Amino acid sequence: MRKKISKKLNKVIVFGGSGFLGSHICDQLTDLNYDVTIFDKKKSKYLKRKQKIFIGDISNYTQVKRAIKNMNYILHFAAVSDIEESNLDPIKTIKYNILGTANILEAMRKNNKIKKIIYASSIYARSKEGGFYSTSKRSSESLIENYSEKFNISFSILRFGSLYGIRANFFNPINNFIKQAIKFKKIVRIGDGSDIRNYINVKDAAKICIKILESKKKNKHYNILGNKRMMVKKIIGIIAKKTKTKNIIFKKQKKELLHYKVNPFTYKVYDGIFVKKKNEINLDDGIQEMINYLKK
């Protein structure tokens, strides 16, 4: 039987709740009768009747402080999450990924109703690749650890690996491959496709996040990956077969390498607990769901 957080302590605010992972977490939290408030720069396309929306900017401390006033838990999923965009505009990355995190922590330490913050980091926080994106995630982890030590703030840091699923961002590789296949009957990949990923469906990642939210464990780091290691070119092959796409092109990498090739765990920070979902959504089924979703 699922052990639920007390209904008196179930007010959750999800920063970045309009986004890919954030929206799925909000769906599942609402289904579990949590009182959900979404904080984002725009109204969520997936907003449910029971959910509240706070239109705001995490770089604005006053807005953040007002938004968390009556909350019990914070889920921080707001960030510049496209690696290319992050490296083209370092100041924007610092403003939202680092200063935004600092604003949430500063507002949190002045609010004794908050029980815990769940922070969406990335396995790039432990990688020498990723450039400014990697730095912003690593810096935010350090800020959270410092605030925890000095002000007794409880946290869980979740380092997500490669996510896929419906509602994915335009820069999500699997989403991008499927869109190319449907629209152009062609898939173009920069690189030779030998990159290895442990893809995890966003719905499974959301379930893991909520399980960690409900856990009594504090101040832990988690690496959230799919169970199966697979080359990107094999994933492209699955998509090509399902969409009857025969034109597959691998282009030589010309620009600076930002994405990790095989193993991102090259930077020495807290190792983290590896978390994998039992009975996870099969990659083949997950890809088919995305194809059906995008065709609509």
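The values are calculated or read from the model by the stated rules, or taken from the named source; none is laboratory data. Just so you know, these numbers come straight off a predicted model, no measurement behind them. Ideal geometry is used to build each Cβ from the backbone, glycine not excepted, and the neighbour counts take in all protein chains shown.
Could you please let me know if I25 is under 29 Å from G161 (Cβ atoms), modelled with pLDDT under 95 and under 15 Å from the mean Cα position of the chain (by Cα)?
Spelling it out, it is not the case that I25 is under 29 Å from G161 (Cβ atoms), modelled with pLDDT under 95 and under 15 Å from the mean Cα position of the chain (by Cα).
A quick yes/no check of all residues on (1) under 14 Å from I281 (Cα atoms); (2) of a type in the set (A, V, I, L, M, F, W, C):
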residue	(1), (2)
F184	no, yes
G191	no, no
K203	yes, no
I210	no, yes
K217	no, no
H221	no, no
G226	yes, no
R229	no, no
V232	no, yes
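Mind listing whichever residues of the range 242-252 are in a loop (DSSP other than H, G, I, E, B) and either surrounded by 13 or more Cβ atoms within 10 Å (Cβ to Cβ) or under 23 Å from the mean Cα position of the chain (by Cα) (or both)?
Scanning the range 242-252 gives a single hit, T245.
Just give me the residues in the range 213-234 being part of a helix (DSSP H, G or I) and touching a Lys or Arg at 6+ places or on another chain (Cβ under 8 Å), in sequence order.
Those that are part of a helix (DSSP H, G or I) and touching a Lys or Arg at 6+ places or on another chain (Cβ under 8 Å): L213, E214, V232, K233.
Quick one: how many residues across the range 179-204 are in a helix (DSSP H, G or I), farther than 18 Å from D82 by Cβ and out of contact with any strand residue (DSSP E or B) (no Cβ under 6 Å at 6 or more places or on another chain)?
Summing the residues that are in a helix (DSSP H, G or I), farther than 18 Å from D82 by Cβ and out of contact with any strand residue (DSSP E or B) (no Cβ under 6 Å at 6 or more places or on another chain) in the range 179-204 gives 5.
Return the residues of the range 141-165 that are free of Cβ contacts under 8 Å to residues at least 60 places away in the same chain and buried (at least 22 other Cβ atoms within 10 Å of the Cβ); say none if nothing qualifies.
Of everything in the range 141-165, just one residue is free of Cβ contacts under 8 Å to residues at least 60 places away in the same chain and buried (at least 22 other Cβ atoms within 10 Å of the Cβ), namely I144.
Which members of the range 166-178 meet the condition of being outside any loop (DSSP other than H, G, I, E, B) and surrounded by fewer than 23 Cβ atoms within 10 Å (Cβ to Cβ)?
Listed by number, the residues that qualify are P173, N175, N176.
State all residues of the range 38-86 that are crowded, with 18+ Cβ neighbours inside 10 Å and outside any loop (DSSP other than H, G, I, E, B); if no residue qualifies, say none.
Listed by number, the residues that qualify are I38, F39, D40, V64, A67, Y73, I74, L75, H76, I83, S86.
When you look at Y222, is it surrounded by 17 or more Cβ atoms within 10 Å (Cβ to Cβ) and either closer than 25 Å to L294 by Cα or out of contact with any strand residue (DSSP E or B) (no Cβ under 9 Å at 6 or more places or on another chain) (or both), yes or no?
Taking the combined requirement at face value, the residue does not satisfy it.
Please enumerate the residues belonging to the range 122-149 that are among the small types (G, A, S) and either modelled with pLDDT of 95 or more or not in a loop (DSSP other than H, G, I, E, B) (or both).
Of everything in the range 122-149, those that are among the small types (G, A, S) and either modelled with pLDDT of 95 or more or not in a loop (DSSP other than H, G, I, E, B) (or both) turn out to be S122, A125, G131, S134, S136, S139, S140, S142, S148.
State all residues of the range 150-178 that are of a type in the set (A, V, I, L, M), touching a strand residue (DSSP E or B) at 6+ places or on another chain (Cβ under 8 Å) and closer than 22 Å to E280 by Cα; if no residue qualifies, say none.
I157, L158, L163, I174
Conditions tested, residue by residue: (1) in a loop (DSSP other than H, G, I, E, B); (2) closer than 24 Å to I25 by Cα; (3) touching a residue at least 12 places away in the same chain (Cβ under 8 Å).
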residue	(1), (2), (3)
I91	no, no, no
M108	no, yes, yes
I114	yes, yes, yes
I117	no, yes, yes
A120	no, yes, yes
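Scan the range 26-47 and report the pairs whose first residue is touching a residue at least 40 places away in the same chain (Cβ under 8 Å) and whose second residue is part of a loop (DSSP other than H, G, I, E, B) and among the small types (G, A, S), with Cβ atoms within less than 8 Å and a gap of 6+ or a chain change.
Y46/S18
Quick one: I239 ticks every box in (1) modelled with pLDDT of 85 or more; (2) within 30 Å of F132 (Cα to Cα); (3) surrounded by 19 or more Cβ atoms within 10 Å (Cβ to Cβ) bar one, so which box is it?
Every condition holds for I239 apart from (2).
If you take the residues in the range 23-37 that are in a helix (DSSP H, G or I) and touching a helix residue (DSSP H, G or I) at 6+ places or on another chain (Cβ under 8 Å), which one is surrounded by the fewest Cβ atoms within 10 Å (Cβ to Cβ)?
Filtering the range 23-37 for residues that are in a helix (DSSP H, G or I) and touching a helix residue (DSSP H, G or I) at 6+ places or on another chain (Cβ under 8 Å), the one surrounded by the fewest Cβ atoms within 10 Å (Cβ to Cβ) comes out as Q28.
Got a sec? Which of R197, R229 is loosely packed, with under 13 Cβ neighbours inside 10 Å and free of Cβ contacts under 8 Å to residues at least 60 places away in the same chain?
R229
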